[in-house]
1. Filter the stretch 212-227 for residues that are surrounded by fewer than 19 Cβ atoms within 10 Å (Cβ to Cβ), modelled with pLDDT of 85 or more and assigned to a loop (DSSP other than H, G, I, E, B) and give the result.
2. In the stretch 16-31, how many are touching a strand residue (DSSP E or B) at 6+ places or on another chain (Cβ under 8 Å) and either within 17 Å of residue 80 (Cα to Cα) or surrounded by fewer than 17 Cβ atoms within 10 Å (Cβ to Cβ) (or both)?
3. Consider only pairs whose beta carbons are under 7 Å apart and that are at least six residues apart or on different chains; among these, list those whose first residue lies in the stretch 3-28 and is under 21 Å from residue 55 (Cα atoms) and whose second residue is surrounded by fewer than 16 Cβ atoms within 10 Å (Cβ to Cβ) and modelled with pLDDT under 95.
4. I'm trying to understand the selection: among the residues of the stretch 35-60, which are farther than 14 Å from residue 78 by Cα, part of a helix (DSSP H, G or I) and touching a strand residue (DSSP E or B) at 6+ places or on another chain (Cβ under 7 Å)?
5. Kindly state which strands (runs of 3 or more DSSP E) lie completely within the stretch 79-198 and contain at least 2 residues that are assigned by TED's automatic domain parsing to the domain that holds residue 8, at pLDDT 80 or above and surrounded by 13 or more Cβ atoms within 10 Å (Cβ to Cβ).
6. Go through the stretch 45-59 residue by residue and tally those that are within 22 Å of residue 110 (Cα to Cα) and surrounded by 14 or more Cβ atoms within 10 Å (Cβ to Cβ).
């Protein structure tokens, strides 16, 4: 049974989400503020976190960053803020998806299912790079290594790297990456992929402004080269 942590201070919305997911067969716990949410997070070990941005005691963006310092758990942000800048900021902070209020419970559940599907559906072999290569992925531990040091990634960032790694040199459009990583058409569409790519470049490239591994194919999308000298 998958475990969902909902951090939502609005009583009616929080109870509605909790009840709906419970009836869908999930184990659900809900926190009414950020402090309580952080405490439950440590003991409950959720498979997905649903995080409201506007909490009474701590900004949801900040709480998302706190979770990201030690976990790659999928995070679905929910908010009444629907501006593109708010959605992009949420993704940059480390969220994997962003759902604007008001929303239907069916769409809410679909987002949860998609995040779970992506986190559970892949085989778990360890993929090593040849000696001397700076980048390495460990699928079983869900770890990305750069120069033998662990680099923290969000759920979506790791899945993008996994897809790139399994298909090195293949060019993916933004739409293809979105469909592969998300599993369905999300509200934040192609701009989300640009944000994730920019974040990954900051983490794996010596010079993110002149990337050698994650290359832009103008007018098409992106491709990954573990060894740029072979391009």
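The values are calculated or read from the model by the stated rules, or taken from the named source; none is laboratory data. Fair warning: this is a prediction, and the values are worked out from it, not measured in the lab. Virtual Cβ from ideal backbone geometry, glycine too; neighbours counted across all protein chains shown.
1. 212, 218, 219, 220, 225 - these are the residues of the stretch 212-227 that are surrounded by fewer than 19 Cβ atoms within 10 Å (Cβ to Cβ), modelled with pLDDT of 85 or more and assigned to a loop (DSSP other than H, G, I, E, B).
2. Let us first name the residues in the stretch 16-31 that are touching a strand residue (DSSP E or B) at 6+ places or on another chain (Cβ under 8 Å), namely 17-18, 21-22, 26-31.
Filter once more, keeping what is either within 17 Å of residue 80 (Cα to Cα) or surrounded by fewer than 17 Cβ atoms within 10 Å (Cβ to Cβ) (or both): 17, 22, 27.
Residues meeting the conditions: 3.
3. Hits for this filter: 9/56; 16/105; 28/22.
4. Keep residues of the stretch 35-60 that are farther than 14 Å from residue 78 by Cα, which gives 35-47, 56-58.
Remaining after also requiring part of a helix (DSSP H, G or I): 35-44.
Scanning the stretch 35-60 gives 37, 40, 41, 44.
5. Working: elements: 97-100, 135-138, 143-146, 149-151.
Hits in the stretch 79-198: 97-100.
6. Step one: list which residues in the stretch 45-59 are within 22 Å of residue 110 (Cα to Cα), which gives 45-53.
Still in the list and also surrounded by 14 or more Cβ atoms within 10 Å (Cβ to Cβ): 46-53.
Here the count works out to 8.
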